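No value in this document is a laboratory result; all are computed from the given coordinates. Keep in mind that what you see is a predicted model, and the values were worked out from it rather than measured. Note that each Cβ is placed from the backbone with ideal geometry, even for glycine, and that neighbours are counted across all protein chains shown.
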Amino acid sequence: MKAKILALLRSSEGYISGQELCERFGVSRTAVWKVMNQLKEEGYEIEAVQNKGYRLVHTPDVLSESELKSRMRTGWAGRNVHFLKETGSTNADAVRFLEEGEAHGTLVVADRQTAGRGRRGRSWESPSGASVYMTLALKPEFGPGQASMLTLVMALAVSEAISSVCGLKAGIKWPNDIVVNRKKVCGILTEMNMEADYIRSVVIGVGINVNQKVFPEEIRDTATSLSIEKGEEISRAELIASVMAHFERHYEQFVQDQNLSGIKQAYEEGLVNRNRKVRVLDPKGEYEGIAEGITDTGELMVRMDDGSIAEVYAGEVSVRGYYGYV
Ligand code: BTN
């Protein structure tokens, strides 16, 4: 009920009377009053005026299950959501929730992670209060070959959500870092659980720097946050709901095509490496070329000096711009 009241308060222009809330939810005035008090304690600014009712004046950047549920407008992605104040890694939680029988599309969101995982075995710093740490748990009905492409689907969804919620131009550094003004604001870690030759689960973990003000020395030159770039606080819950909405749409297209062909154009439009010189850090030998776009299966197409095209697979190599991180 709390999430529904919140959604109603948010969507209405003026006041909503206590009477209307009681009738809608079939509860007593005292029950409504209790919910309002809980919301105020969580930091929501709610004005209560006699004979008029309640009005939501200000929503702080709170992350809670009700805040997330009240904003979710998808069919299945993130509809079942778990919010954890603190956890080890939301990727690990997502795998566990699926094993316990929770639905495809379950979302795990945490305010803090104590064992956040990054790509290539690195850790992901996850302090509380300012960032998004979330994992979408999926039980896809396709093969392991397709699953790796989901990272690119999520990258597109995150970049679009950042643009629509914050009004910032967010680009994609192939395959799955999101950058704003040439600095990283988001990383994505997709992990797959296999059994024989079928997929038990795929979990897509997303870490977004939203309202941080400072970064550790080592990443200060290459990382930034949305609030630094925008110059104001961003609602994490609104951003999460928007990522889910964009992801759901693109995922359905992806399932229909069984590859990235339907979203390739949108992905390439966001690609910051496109038509730029890149250095491919292949363990078998580094090389350079011009990034031209992606294949239908997500490899980066790099044109070499001799005119031939190299298809670069994520996972094996990393790509650096000629003049730095992007
Ligand atoms: C990267 O190295 O760029 C990927 C970082 C992914 C971090 C996210 S935070 C939520 C989820 N849980 C984890 O432990 N990692 C991912």
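From the phi of every residue in segment 277-291, what ³J(HN,Hα) in whole Hz does the Karplus formula 6.51 cos²θ - 1.76 cosθ + 1.60 yield, where θ is phi - 60° and glycine or proline is x?
Whole-Hz 3J(HN,Hα) from phi for segment 277-291: 6, 10, 10, 8, 8, 8, x, 7, x, 6, 8, 10, x, 9, 6.
Please tell me the relative contact order of segment 1-89 in percent, rounded to the nearest whole number, where contacts are Cα pairs under 8 Å and at least six residues apart.
It rounds to 30 percent for segment 1-89.
Hey, can you grab everything whose amide H is under 5 Å from the amide H of Ile46? Only 5+ residues off in sequence or another chain; H modelled, so Pro and N-termini drop out.
Val57
Given Cβ point charges of +1 (Lys, Arg) and -1 (Asp, Glu) and nothing else, what value in debye, to the nearest 20, does the dipole of the chain about its Cα centre take?
So the magnitude is around 840 debye.
Say R0 is 41 Å: what FRET efficiency, to the nearest 0.05, do Thr74 and Gln50 get from their beta-carbon distance?
My answer for the efficiency is 0.60.
Once phi is turned into θ = phi - 60°, what whole-Hz ³J(HN,Hα) does the Karplus curve with 6.51, -1.76 and 1.60 give for every residue of segment 192-206, x standing for Gly and Pro?
Residue by residue, segment 192-206 yields 10, 10, 10, 9, 6, 10, 10, 8, 6, 7, 10, 10, 10, x, 10 Hz.
Once amide H atoms are placed 1.01 Å from N in the peptide plane, what residues at a sequence separation of 5 or more from Asn176, or on another chain, have their amide H within under 5 Å of its amide H?
The answer is none.
Can you give me the convex hull volume of the Cα atoms of segment 1-80, divided per residue and expressed in Å³?
96
Of all DSSP beta bridges in segment 176-326, what percent run antiparallel (nearest 5)?
95
What would the Debye equation give as log₁₀ I(q)/I(0) for segment 169-220 at q = 0.21, 0.31 Å⁻¹, counting only Cα atoms as equal point scatterers?
Values, matching the q order: -0.82, -1.21.
Looking only at the chain, where both bridge partners belong to it, what percent of the DSSP beta bridges are antiparallel (to the nearest 5)?
About 85 percent, rounded to the nearest 5.
Ranking His58, His250 by Cβ neighbours within 10 Å, fewest first, what do you get?
His58, His250
Arranged by the count of other C-beta atoms within 10 angstrom, fewest first, what order do Trp174, Trp76 take?
Trp76, Trp174
My understanding is that a pair violates if its Cα-Cα distance is over 25 Å; which of Lys69/Lys173; Lys40/Lys85; Lys40/Lys230 do that in this structure?
Beyond 25 Å between Cα atoms: Lys69/Lys173; Lys40/Lys230.
Find how much the distance from Arg96 to Arg182 grows on full extension, using 0.36 nm per residue of separation minus their present alpha carbon separation; answer in nm with one decimal.
That pair, Arg96 and Arg182, stretches by 27.4 nm at full extension.
Taking 0.36 nm per intervening residue step and subtracting the Cα-Cα distance, what contour gain separates Arg120 from Arg24 on full extension? Please report the intermediate quantities before stating the final value.
Values: separation 96, 0.36 × 96 = 34.56 nm, distance 5.06 nm.
Length gained between Arg120 and Arg24: 29.5 nm.
Using θ = phi - 60° and the Karplus curve 6.51 cos²θ - 1.76 cosθ + 1.60, what whole-Hz ³J(HN,Hα) does each residue of segment 52-58 get, with Gly and Pro shown as x?
Along segment 52-58, the couplings run 10, x, 10, 9, 7, 8, 8 Hz.
Over the chain, what relative contact order in percent results from Cα pairs under 8 Å that are six or more residues apart? Can you show the working numbers first?
Details: 656 pairs, mean separation 45.3, N = 326.
Relative contact order here is 14 percent.
Quick one: which residues, 5 or more positions from Arg276 or on another chain, have an amide H under 5 Å from its amide H? H modelled 1.01 Å from N in the peptide plane, none for Pro or chain starts.
HN-HN under 5 Å from Arg276: Ala291.
Any chance you could tell me what percent of the C-alpha pair distances in the chain go past 39 Å?
Working: 9321 of 52975 pairs.
Result: 18 percent of Cα pairs exceed 39 Å.
For segment 206-326, what does the relative contact order come out to in percent, with C-alpha contacts under 8 Å and a separation of six or more?
Result for segment 206-326 is 16 percent.
Grab the Cα-Cα distance for Tyr325 and Glu13, subtract it from 0.36 nm times how many residues apart they are, and report the gain in nm with one decimal.
107.8 nm is the gain from fully extending Tyr325 to Glu13.
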